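Each remark here refers to the structure printed beneath this line.
The values are calculated or read from the model by the stated rules, or taken from the named source; none is laboratory data. Computed from a prediction, not measured in an experiment: that's the story for all the values here. Cβ sites come from the backbone with ideal geometry, for glycine too, and all protein chains shown count toward neighbours.
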């Protein structure tokens, strides 16, 4: 996926989880942060960030903050909508006969339903923006919703679906995602239960540019 227009800026502060203040060529601007996670190790005053102006009418803010350069030089896409978009692009290049996003399954909505012949698949997507010593971690904040999704995949696997939990790694060079049990131990328990139940855990490696996110798994 590619952003139509990108503006570089310098991060100043984050008054709340929805907005940030940035400096654009000496002008202070309030922008929307497209990630409600903590991102404390990323959004540090003075860091380089990149903004997208989607041009949506009647917005309170002109820009979305979508990309950050970490203090180790790693470029990280923090757009929480991007993982599903690039996952859809990637799935459509695989040999599925059908790919349906936002699929209703029971009382829930699963990110993707796929079909290949008579085989049916359900896939949940999680975006990984947290990196420590070359390893990706998820989540960066407690996520009861994430635990619920994993439990749904376990149930789907028991009902005969191919169940997949896919981590879209929103940075270059990271090939593995582990449960961030220090932040949310229950997520780690659920992830282990999913593996034991036969849920496939998929790491979708990415290439990141200031205006682009692309899955590079073959």
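Observations on the structure shown:
- For segment 146-184, residues that are at positive phi and touching a strand residue (DSSP E or B) at 6+ places or on another chain (Cβ under 6 Å) total 0.
- From the list 148, 126, the lone residue that is modelled with pLDDT of 95 or more and either part of a helix (DSSP H, G or I) or within 21 Å of residue 66 (Cα to Cα) (or both) is 126.
- Failed condition for residue 68, given (1) under 15 Å from the mean Cα position of the chain (by Cα); (2) over 17 Å from residue 23 (Cα atoms); (3) assigned by TED's automatic domain parsing to the domain that holds residue 21: (2)
- Note on segment 23-43: among residues that are over 22 Å from residue 213 (Cα atoms) and touching a strand residue (DSSP E or B) at 6+ places or on another chain (Cβ under 8 Å), the one that is surrounded by the fewest Cβ atoms within 10 Å (Cβ to Cβ) is 28.
- Selection status of residue 111, at negative phi, part of a loop (DSSP other than H, G, I, E, B), crowded, with 17+ Cβ neighbours inside 10 Å and in contact with a strand residue (DSSP E or B) (Cβ under 8 Å, 6 or more places away or on another chain): no
- For segment 90-106, the criterion of being outside the structural domain of residue 49 (by TED's automatic domain parsing), surrounded by 12 or more Cβ atoms within 10 Å (Cβ to Cβ) and modelled with pLDDT under 95 is satisfied by at least one residue.
- Residue within segment 188-196 that is under 23 Å from residue 42 (Cβ atoms), touching a helix residue (DSSP H, G or I) at 6+ places or on another chain (Cβ under 6 Å), surrounded by 15 or more Cβ atoms within 10 Å (Cβ to Cβ) and touching a residue at least 40 places away in the same chain (Cβ under 8 Å) present: no
- Check on residue 173, in contact (Cβ under 8 Å) with a residue 24 or more places away in the chain and more than 30 Å from residue 51 (Cα to Cα): no
- Flag if residue 120 is over 16 Å from the mean Cα position of the chain (by Cα), closer than 20 Å to residue 84 by Cα, surrounded by fewer than 20 Cβ atoms within 10 Å (Cβ to Cβ) and touching a residue at least 40 places away in the same chain (Cβ under 8 Å): yes
- Within the option set 141, 156, being over 16 Å from the mean Cα position of the chain (by Cα) and not in a strand (DSSP E or B) holds for one residue only, 156.
- Among (1) touching a helix residue (DSSP H, G or I) at 6+ places or on another chain (Cβ under 8 Å); (2) modelled with pLDDT under 95 - the single one residue 66 does not satisfy: (2)
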